[in-house]
Structures are given as C-alpha cells and as structure tokens.
Amino acid sequence: ELWNERKYFNRGFWFELLAFLIYVVALTTWNILFKDSTLAIFGELWKDRITQIEVKSVENFWQLLQGPVLGLLVPDDIRFVNGSSYLSGNKLIHGIRLRQLRVQSLECRRHVVDVIYNITECYTSLSLSNVETSWVSSNGMTLSTIPDGIKQAFEFQTDAQTDEIIYAGNYGLYTGSGFVFDLKNHDQANLDIQSLRDNSWIDSKTRGVFIDCTFYNSNLAAWLVSR
C-alpha cells in the first residue's frame, strides 16, 4: 500500500512538472511570436535619443548631461524621434537621478616619477572596501565652498537611503550607495548641472556615475525604466 502511494505521488509530481514546462514554453513562444513591435520601437527611439554622445572623457560626460539628458526634462510631452518615426505621450516620472561612486585616495608607492613630480596621492580601482563615504576632493576643494543648492550632491547616502542594490558593471561591482543628486525642473537643472561642473563633482576619484529615469507612455500603457 505504501509503495502504491509513492508510485501515485511520483506520477503526480512528473505530471505537474511536465505541465509547468509546457506552460513556460508556450508563454515564451507567444511572447516571441506576438511581441508588440511598438514597444520595441519605444526602446529603440529612447536609445537613439540618449546615446547621441559617446562618453569617453569627463568633457563628454558633461556634454551628455547638458545635452540629451537635460532635454528629457522639457515640460509636458516628450517626443522620441528617429528619422520619420516618432512616439509621443511620454511622461518623465519623478525626474532624473544622478548617483556617483568614488574611491578613497591612497598613498603612492613613491616611484622615481612620483618623487620627481611630487605625486603623493593615488587612486585605485573601485572595490566594496574602498568606497569613499565622506567627500574629499582630489583638487583640494572643501565642502564649505559648495553652493547650498547642490550641497546634497556632495553628501554620501547608503544603499538603504537610496533603495538601490549592488550592480554588476563592466569593471566590477558597484554598491547601491553613493553621492546622489536629483534633476527635476528643466531650468533649475540647467543651472545645477553647470554648478556641479564648476565645483568639480567629477574628478580623479570618480569611478562610476549612474543616470536613472523612468518614463510612462499613456498611448501604449507601457513603462520604460532606463539606466
């Protein structure tokens, strides 16, 4: 009798597993064959809009912020345009968040070149153990000279405060913490970005900057979350 119960249990288990696998395959096939092409266009138009500038230097980064990124804060409706295609009805939700991760400075190993050029501080790659949690500028600038309007960008926030998790990037792991600043109003953001630039928010200790924003398109009833 016990053997029969076990036999029926095994049959039930394999039947449910087979039914689940059939469901997964059917759902995946449906999504691939009948995917809404408009949603794909939504993503492509967004990509074309924000990747107009390839970031290879600090100067490129500020050009990206003051160009395509700032353009996402225009009032009311935002149109993503690519050739003859465009998509209207895009609403930016809660503005754009900038989050920077920085490394602590280390004492150089004092090679001959360091001695000749009086190089005393060096900056290594980012790791979970050397994240800077208190702003120390690489050019000697102090927080007392930072304007009040952007002082938040120079104050460290933990991952609990940012509500972010560890992110695996091309050059390692990036914690959810960092120095955070939110851009919400177009005109004010234009002034704030220039102020951040003037006060060297990006310097030799910067190891990563995340630009996060969320759009909702009412015509498609679709969300687009971008990083």
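Just so it is clear, none of the values below were taken in a lab; they were calculated from the coordinates. Here the structure is a predicted model, which is why all the values come from computation and not from measurement. Virtual Cβ from ideal backbone geometry, glycine too; neighbours counted across all protein chains shown.
Key figures for this structure:
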item: Under Karplus coefficients 6.51, -1.76 and 1.60, residue-wise ³J(HN,Hα) of the stretch 199-207 in Hz, glycine/proline x; result: 9, 6, 5, 9, 8, 5, 8, 6, 10
item: Qualifying trypsin sites (Lys or Arg not before Pro) for the stretch 116-204 [loop in DSSP, other Cβ within 10 Å: at most 15]; result: 184
item: Proximal charge balance of residue 61 [Cβ under 14 Å; K/R count +1, D/E count -1]; result: +1
item: 15 Å beta-carbon shell around residue 144, net charge (K/R +1, D/E -1); result: -1
item: Label-point separation in nm, residue 219 to residue 56, each point 7 Å along Cα→Cβ; result: 3.6
item: Net charge contributed by nearby residues that have their C-beta within less than 10 Å of residue 179 (K/R +1, D/E -1); result: 0
item: Sites residue 17 and residue 167 - FRET efficiency at Förster radius 30 Å, r taken between beta-carbons, to 0.05; result: 0.30
item: Loop sites in the stretch 164-221: chymotrypsin sites (Phe, Trp or Tyr not before Pro), DSSP, at most 10 other Cβ within 10 Å; result: 171
